[in-house]
Amino acid sequence: MSDAEPLDAVVIGAGFAGLYMVYRLREQGFSVHGFERADGVGGTWYWNRYPGARCDSEIMYYSFSFLPDLEQEWPLTERYPAQPEILRYLETVAGRLDLLKEFTFGTEVTAIEYDEPASLWTLRTAEGRIATARYVITAVGCLSTANRPLFPGSDAFAGVSLHTGDWPKEPVDFTGKRVAVVGTGSSGIQAIPEIAAQAEHLTVFQRTAQFTIPAENGPLNQEMVELWKANYPEWRRRARHSRAGFPYVPSINHAVDASEAERNKTYEAAWGSGGFTFLFGSFADIALDEAANKTAADFVRGKIDEIVRDPDTAGMLKPWDFPIGTKRLPLDTNYYETFNQPNVTLVDLKRTPIEEITATGIRTSACQHDLDMIVYATGYDALTGPLEALGIRGRGGLPLKDAWREGPRTYLGLAMPGFPNLFTITGPGSPSVLSNMPVSIEQHVEWIGDCLAAARESGADIIEATEAAASAWTDHVQEVASVTLHVKAASWYMGANIPGKPRLFLPYIGGVGPYRDHCAAVAASGYEGFTMS
Ligand code: N01
């Protein structure tokens, strides 16, 4: 790529989304180049190398559908793929499609500015590199800007500080160490049992107790794998038209109509088989009806009492302040069991908040905890954070951050008025984090590729979402969320984990299938809600 020549498109990111987008546009005959801040492919799976990092989507659902040969060849071993395995998969994809040469790695895009007279975007990198392109497509993920809470004295700690989303490549040895994990979301809940198995002592600092369901990970039956592989096209079709990008059959039964014995039998079976089917497969009203939701929540609280021997610790681990499933449900391997280990202590930050990070550890309102290592599993500035970090300025030099001061306004989570020719893969207002990501990513990549081809065919230089379409879609995203219990939780879906972030529901909860149909109808109508000029 020559920096002087305008490209047709620049893609930012080399995870699932960026790899497929670059491949797709190259195949369509566009000149395209990718920038990636890591020194390799993988995106989320490049950075999240913390112990226990695994995908909560079962392995047969968590891959590309557009590579049928690889689909058949790729070994399906364990139910949930571990981080090294997914990274290897993406490296294989990049190698097989000869994509590495299309990317510049180790390069962070820090500014993307729209040049109105030229109808081109100018991109600048931290290294001072400049590129120009007609189209910019962000493939930066939804959970890639770490949330690093600013505790007083944050930089004072003399030991090792790590964030789960920015984990070193070299294995971290916890042997003989006094370790803290701050945060009990999906990342913390995966890492805690693994760290506890090594560390001399582990102290878990919990602000909000989470519900978690056993993953029931383990080796896959290879006869089932063969059957699965023989029917991949049908499973993929079902996933695309499902609610969350999985070909599960959702329950149609209502918890409120079932007897207590029937409910317990259903929950017990779902708990035993593990995974998200606890929510999808048990009862249809858990996400919608508070009384139904309470039956599922009570079941999990009962499990905590059964598993955790110390009643005070069990009490602290039981969530009370949000309906189950309204914060992303983690899947675990021996999470609650870990608190029975003599080398593990739980600190409830609602009782005794962190007052300061000191040179030697963490001081809460109750006492000082002396530590060698602090692992922050404190999550992300989700969905908007990675986009705002790109320094995007649209028409009139308007920064995206300012355009989104009241919260993100997008059309279909794909485009924004005032930011022509800029597309966001799995942007806010699309199913993204509420879905099995590869399914949503493929749909966005294919839609964007088709849209660019349609513009080329019609001779248009500029494609831009209209104000009216973005307003209507943004209202629709909130309306659909408002009939669910999700809006009752102070979750990262609501922007609640980042001080000062506007509170509104960020992803689209209307379902992967209906959303896909809607996007397809927009394309079929000649891109209603966009102007092409
Ligand atoms: O982050 P989180 P995560 N002081 O935001 C706490 C995906 N994922 O990295 O709940 C003290 O869920 C915070 O407390 P609270 C998945 O979509 C997928 O774990 O805000 N504590 C919470 O306990 C997931 O949902 C997979 O009160 C503070 C924790 O830190 C998403 O990534 C694996 C704090 C953050 O939990 C994010 O998960 C891992 C503070 N100032 C992640 N600030 C798989 O598929 C925050 N916390 C396997």
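The values are calculated or read from the model by the stated rules, or taken from the named source; none is laboratory data. The structure presented is a predicted model; accordingly, all values stated were derived computationally and were not measured. FYI the Cβ positions are ideal-geometry reconstructions off the backbone, even for glycines, and counts take in every protein chain you see. For accessibility, only protein heavy atoms count, side chains too; no ligands or nucleic acids. Shrake-Rupley method; radii C 1.70, N 1.55, O 1.52, S 1.80 Å.
Data overview
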item: Using alpha-carbon coordinates, inclination of helix 467-482 to the longest axis of the chain, degrees; result: 20
item: Probe 1.4 Å, all protein chains present, accessible-area order of D257, D115, D332, largest first; result: D257, D115, D332
item: Cα gyration tensor category, rounded, prolate or oblate, for the stretch 1-91 with a/c compared to 1.5; result: oblate
item: Full-extension gain in nm, V256 to A359, via 0.36 nm per residue minus C-alpha separation; result: 31.8 nm
item: Of all accessible heavy-atom area on the stretch 1-100, the percent that carbon and sulfur account for (1.4 Å); result: 49
item: Solvent-accessible surface (1.4 angstrom probe) belonging to V487, in square angstrom, nearest 10; result: 60
item: Sulfur and carbon atoms: percent of accessible area, the stretch 286-347 [1.4 Å]; result: 51
item: Nearest-10 value in Å² for the accessible area of F66, using the 1.4 Å probe; result: 40
item: Length-normalised contact order of the stretch 1-155 in % [C-alpha pairs under 8 Å, at least 6 apart]; result: 34
item: Rough spin-label spacing in nm, given labels placed 7 Å along Cα→Cβ, for S533 and K229; result: 5.4
item: Solvent exposure ordering (accessible area, 1.4 Å, most first) of M21, M224; result: M224, M21
item: Rounded, prolate or oblate (a/c below 1.5 giving rounded, otherwise prolate when a/b exceeds b/c) for the stretch 88-175 by Cα gyration tensor; result: oblate
item: Radius 13 Å from Cβ of G218, net charge of other residues (Lys, Arg +1; Asp, Glu -1); result: -1
item: Global form of the stretch 216-318, assessed from the alpha-carbon gyration tensor, a/c cut-off 1.5; result: oblate
item: Using a Förster distance of 56 Å, the FRET efficiency for Q341-A524 (Cβ separation, nearest 0.05); result: 0.45
item: Solvent-accessible heavy-atom area per residue, rounded to whole Å², over the chain at 1.4 Å; result: 40
item: Cβ-based net charge around P502, under 9 Å, with every Lys or Arg adding one and every Asp or Glu removing one; result: +2
item: Too-long pairs where the Cα-Cα distance tops 26 Å, listed order kept, from K169/K327; K265/K318; K350/K488; K229/K265; result: K169/K327; K229/K265
item: Length released on extending from I130 to K265, taking residue separation times 0.36 nm less the Cα-Cα span; result: 42.5 nm
item: Proximal charge balance of A296 [Cβ under 14 Å; K/R count +1, D/E count -1]; result: 0
item: Extension reserve of the R237-R351 stretch, reckoned as 0.36 nm per residue once the Cα distance is removed; result: 36.2 nm
item: Heavy atoms of T107: accessible area, 1.4 Å probe, square angstrom to 10; result: 10
item: Mean residue ellipticity (222 nm) of the chain, computed from DSSP H runs ≥ 4 via -39,500 (n - 2.57), nearest 500; result: -9500 deg cm²/dmol
item: Heavy-atom accessible area order for T484, T92, largest first, 1.4 Å probe; result: T92, T484
item: Percentage relative contact order, the stretch 145-208, counting C-alpha pairs under 8 Å, at least six apart; result: 33
item: Relative contact order of the chain, pairs being alpha-carbon contacts under 8 Å that are 6 or more residues apart, as %; result: 20
